[in-house]
Amino acid sequence: MSEENPAQNATAGSSTPGTGSGEIRERVIEQLRTVFDPEIPVNIYELGLIYEVNVDDAGQVGIRMTLTSPMCPAAEQLPPEVETKARGVAGVSDVKLDLVWDPPWTPDMMSDAARLDLGMV
């Protein structure tokens, strides 16, 4: 498994690993790692586009994400794909996705694995 970036670690949710909501959260993140920006050959989780994934005890998932820019050509494609992938996880009862622009995405938000995949290290 690749290393998460520090911004994701700081806001990644409050579920305790080993609990039902913690297991659901890990499965949601696993699914988010299958979503790719069509212009960048790295998944959106490793790119640092997912700011927060929270799951409550009822299986309600809150995802806070951004895009590489407000003019991103994938703006109409990525958020619905993220929501669909999260809804497909067993135990998820609902998904609330917030697309935010603050803080703005920068390449510093990428994981070390993403930087390696893109030849940036």
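Within the bounds of the stretch 95-106, is there any residue that is part of a loop (DSSP other than H, G, I, E, B) and closer than 15 Å to residue 40 by Cβ?
yes
Does the stretch 10-24 contain any residue that is surrounded by 13 or more Cβ atoms within 10 Å (Cβ to Cβ), at pLDDT 95 or above and part of a loop (DSSP other than H, G, I, E, B)?
There is no residue in the stretch 10-24 that is surrounded by 13 or more Cβ atoms within 10 Å (Cβ to Cβ), at pLDDT 95 or above and part of a loop (DSSP other than H, G, I, E, B).
Could you list, in sequence order, all residues of the stretch 78-94 that are assigned to a loop (DSSP other than H, G, I, E, B) and either open to solvent by less than 60 Å² (accessible area, probe 1.4 Å) or modelled with pLDDT under 95 (or both)?
89, 91, 92
Take the stretch 35-70 and flag every residue that is open to solvent by less than 10 Å² (accessible area, probe 1.4 Å), closer than 20 Å to residue 104 by Cβ and part of a strand (DSSP E or B).
Correct list: 50, 53, 63, 65.
The values are calculated or read from the model by the stated rules, or taken from the named source; none is laboratory data. Because the structure is predicted, anything quoted here is derived from the model rather than measured. So basically every Cβ, Gly included, is an ideal-geometry build from the backbone, and we count neighbours across all protein chains shown. SASA here: full protein model, heavy atoms, side chains in, ligands and nucleic acids out. Shrake-Rupley method; radii C 1.70, N 1.55, O 1.52, S 1.80 Å.
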